[in-house]
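Enquirer: Before I ask anything, here is the structure I am working with.
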Amino acid sequence: MQKAYKLHGVHRHYDWGGTEFIPNLMKVQNAENKPFAEYWMGAHPSAPAQIETQNGIASINDFGTIPYLFKVLDVAKMLSIQVHPSIENAIIGYELEDKAGIDLYASNRNYKDKNHKPEVMVALSDFWLLHGFLAPDLLDARLNDYFYFHPLIDHFRGVDYQGLYSFFMHLSNEDADRILKPLMMDAVASVKRGEVDKSHPHWWANKYYNGVVPEKGIDKGIFSIYILNIVEVKKYQGVFQGAGLLHAYLEGQNIELMANSDNVLRGGLTPKHVDIDELLKHIKFIPTIPNVLNGVAFNNMEINYPCPVADFGLSKIALKAGEAYTIQTKRLEMLLVTEGEIVIDGIAYGAGEVAMVKALQDITMQASQAAIVFKSFVP
């Protein structure tokens with residue numbers, strides 16, 4: 001009986017994606033230089049993966065349910081400032097929008113389903129992201145250090161994250177521009193002079209507008225770059241992001257594992273729908289001390305990235321050439337090879353290839369060459 005199957009995911013060509021990393025990993029030609037932003041491995045209704053079987057191609061849905069979506073991302077341009085609702089709030093929001101008669105596919109629909117969207121990421125390169133509010137002393141210093149932020153100081157008073165963020169996001173475009181235009185001028189000049197690097201918010205404000213200061217209508221999401229933690233995640237380090245955490249991916253390549261949901265409430269840096277009042281209902285207005293995950297060793301071959309949710313788990317298996325490693329599956333699991341090659345039941349899986357493993361199986365992978373494998377599972 002076949003236990004493992006070669007899985008073929010779905011490429012997503014969003015305009016923020018890079019053009020080389022995913023094609024190189026997956027050995028896909030990209031003569032048209034299209035953006036390859038994401039590679040989806042899962043049973044999401046809009047893009048279910050396909051499975052190679054002895055009888056031909058089948059849908060992953062034929063093998064059971066998967067409560068998560070497994071991805072590879074290549075972030076070349078910054079993603080939107082965003083937050084995800086809790087499962088309780090997702091149910092409420094979905095039902096309210098249904099009652100209001102908002103079409104499920106309407107551009108102004110906030111809730112696409114009744115699920116939450118926690119996510120864990122592990123970097124495949126140096127990766128940069130925005131992750132939760134700065135500590136009070138750091139945010140207070142940020143507001144005081146730049147003259148264009150001085151009108152906002154009284155709205156924070158060292159503790160009031162909600163008051164500060166709500167006040168700024170409700171400003172008219174004209175009033176916001178009075179703060180953001182001198183900020184952008186400062187950012188662009190600082191980058192040109194070589195005074196800042198990626199650890200400084202000016203770097204990312206400059207990158208978002210490609211070194212050009214807009215005349216007016218500057219995206220309010222720029223402000224978030226200055227009040228959130230800028231976090232650098234090294235290769236094979238991870239970060240978990242739960243409900244209520246304001247965040248955004250800035251640059252780099254990673255593995256991402258998330259609950260099956262499309263519920264995203266945006267706060268700028270995007271042409272997509274932004275509903276400020278709805279966004280404000282779901283943000284946790286507390287400081288965040290970034291917790292970068294190095295992984296917890298199961299043994300000398302496998303490390304786990306702890307995720308405080310029941311929807312998914314993620315681990316990394318590192319094998320030397322010639323080594324073998326056996327796993328016991330509880331439910332459907334996926335094994336993504338990012339480096340080297342493994343063999344399972346006589347089938348070779350090279351870099352960029354995925355094995356889907358059936359539930360309740362003992363599976364042995366043999367490394368024909370040194371290999372890195374990411375395993376997605378349900379705890």
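Every read-out reported here was derived from the displayed coordinates using simple, explicitly stated rules and does not represent laboratory data. Not measured: the values here are computed from a predicted model. FYI the Cβ positions are ideal-geometry reconstructions off the backbone, even for glycines, and counts take in every protein chain you see.
Enquirer: Using 0.36 nm times the number of residues separating N108 and Q29, minus their current alpha carbon distance, what extension gain do you get?
Expert: Between N108 and Q29, full extension yields 24.9 nm more.
Enquirer: Considering the options N30, T338, L164, tell which one lies farthest towards the positive end of the dipole of the chain, charges being +1 on Lys and Arg and -1 on Asp and Glu at the Cβ, about the Cα centre.
Expert: T338
Enquirer: I've got another one for you. Which order do F285, F298 fall in if you start with the one that has the fewest other Cβ atoms within 10 Å?
Expert: In increasing order of surrounding Cβ atoms, one gets F298, F285.
Enquirer: Could you compute the FRET efficiency for D98 and V159, with r as their C-beta to C-beta distance and R0 at 35 Å, rounded to 0.05? List each step's numbers first, then the result.
Expert: Values: r = 38 Å, r/R0 = 1.08.
That pair, D98 with V159, gives E of 0.40.
Enquirer: Within the range 201-270, list the GluC sites (Glu not before Pro) lying in a DSSP loop whose Cβ has at most 11 other Cβ atoms in a 10 Å radius.
Expert: Passing both the DSSP loop test and the Cβ count: E215.
Enquirer: Let me make sure I get this right: for the range 105-178, a, b and c are the square roots of the gyration tensor eigenvalues over alpha carbons, sorted descending. Under 1.5 in a/c it's rounded, otherwise prolate if a/b > b/c, else oblate. Which is it? Each step should come with its number before you reach the end.
Expert: Numbers: a/c = 2.19, a/b = 1.38, b/c = 1.58.
The shape class here is oblate.
Enquirer: Continuing with the same structure: Could you state the number of Å between the C-alpha centres of the range 99-174 and the range 1-53?
Expert: Centre-to-centre distance over Cα atoms comes out at 31 Å.
Enquirer: Around T329, under 12 Å between beta carbons, what's the net of Lys plus Arg minus Asp minus Glu among the other residues?
Expert: +3
Enquirer: Between the helical axis of 87-99 and the dominant principal axis of the chain, each derived from Cα atoms, what acute angle in degrees is found, rounded to the nearest 10?
Expert: 70
Enquirer: For a quick protection proxy, order the peptides 136-148, 305-317 by their average other-Cβ count within 10 Å, most packed first.
Expert: 305-317, 136-148
Enquirer: Taking the Cβ of D186 as the centre, find all other residues whose Cβ is under 15 Å away and add up their charges (Lys, Arg: +1; Asp, Glu: -1).
Expert: +3
Enquirer: Within a Cβ distance under 13 Å of L143, other residues only, what is the Lys/Arg minus Asp/Glu net charge? Don't skip to the end; give the middle numbers.
Expert: Working: positive: R142, R157; negative: D137, D140, D145, D154, D160.
Combined, the nearby Lys, Arg, Asp and Glu give -3.
Enquirer: Taking Cα atoms, how many degrees apart are the long axis of helix 173-192 and the longest axis of the chain, rounded to 10 and kept between 0 and 90?
Expert: Once rounded, one gets 70 degrees.
Enquirer: Another question, then. Order by neighbour count: V264, V343, fewest other Cβ atoms within 10 Å first, most last.
Expert: Taking fewest neighbouring Cβ atoms as first place, the list is V343, V264.
Enquirer: Right, next: Between K192 and R142, how high is the FRET efficiency from 1/(1 + (r/R0)^6) when r is the Cβ-Cβ distance and R₀ = 25 Å? Nearest 0.05.
Expert: 0.70
Enquirer: Right, next: So how much slack lies between D262 and N61, counting 0.36 nm per residue of separation and subtracting their Cα-Cα distance, in nm?
Expert: 70.5 nm
Enquirer: Right, something else. Calculate the FRET efficiency for F285 and H13 from the Cβ-Cβ distance with a Förster distance of 45 Å, rounded to the nearest 0.05.
Expert: That gives a FRET efficiency of 0.80.
Enquirer: For T53 and A321 in the same chain, what is the full-extension length gain: residue separation times 0.36 nm, less their Cα-Cα distance, in nm?
Expert: 93.7 nm
Enquirer: Another question about this same structure. How large is the helix-only mean residue ellipticity at 222 nm for the chain, computed as the sum of -39500 (n - 2.57) over DSSP H runs with n ≥ 4, divided by its residue count, in deg cm²/dmol to the nearest 500?
Expert: When only DSSP H runs of four or more count, the value is -6000 deg cm²/dmol.
Enquirer: Please work out the Cα center distance from the range 326-340 to the range 296-323, rounded to the nearest Å.
Expert: Using only Cα atoms, the two centres lie 10 Å from each other.
Enquirer: Shifting gears a bit: In which sequence would I81, I102 go, from the one with the fewest C-beta neighbours within 10 Å to the one with the most? Before the final figure, lay out each step's value.
Expert: Values: I81 25, I102 14.
With the fewest neighbours first, I81, I102 line up as I102, I81.
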